[in-house]
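Shown next, in structure tokens, is the structure this report addresses.
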Amino acid sequence: MRDEQRAGDKRFDGWVNGPMNKAKLLPFGLYDQWVPAFAALFRQVNGDWLAFYQAVEKLGGLPVEPRKAALRRLMH
């Protein structure tokens with residue numbers, strides 16, 4: 001089934017079949033933690049993709065700590 005779904009693409013087999021550790025899983029946690037904030041932002045702009053991308057660009061231009069604070073506010 002896996003090979004059928006991926007049409008024989010084996011680029012990630014080494015990564016998936018290798019030993020799992022926290023360092024390998026960290027990027028997924030970093031991504032997942034902000035999904036609710038971006039979902040809230042998308043709702044704030046009423047599903048307008050252009051406005052969403054513009055808001056994300058603005059967030060991306062902030063220094064790290066103010067950006068994290070803004071994302072946290074979106075989740076509450």
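The table that follows gives values for the structure above.
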read-out: Residue match in segment 44-56 (condition: assigned to a helix (DSSP H, G or I), out of contact with any strand residue (DSSP E or B) (no Cβ under 6 Å at 6 or more places or on another chain) and of a type in the set (D, E, K, R)); value: no
read-out: Residue that is nearest to Lys68 (Cα to Cα) [pool: residues in segment 22-54 that are among the aromatic types (Phe, Trp, Tyr), under 9 Å from the mean Cα position of the chain (by Cα) and surrounded by fewer than 11 Cβ atoms within 10 Å (Cβ to Cβ)]; value: Tyr31
read-out: Test result for Ala69, part of a helix (DSSP H, G or I) and surrounded by 10 or more Cβ atoms within 10 Å (Cβ to Cβ); value: yes
read-out: Any pair with Cβ under 6 angstrom, 6 or more apart, that starts in segment 35-55 at a residue that is over 21 Å from Arg72 (Cβ atoms) and among the charged types (D, E, K, R) and ends at one that is outside any helix (DSSP H, G or I) and at pLDDT below 95; value: none
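The values are calculated or read from the model by the stated rules, or taken from the named source; none is laboratory data. Since the structure is predicted, the reported quantities are computational estimates derived from the model, not experimental observations. A quick note on method: Cβ atoms are made from the backbone with ideal geometry, for glycine too, and the neighbour counts reach across all protein chains shown.
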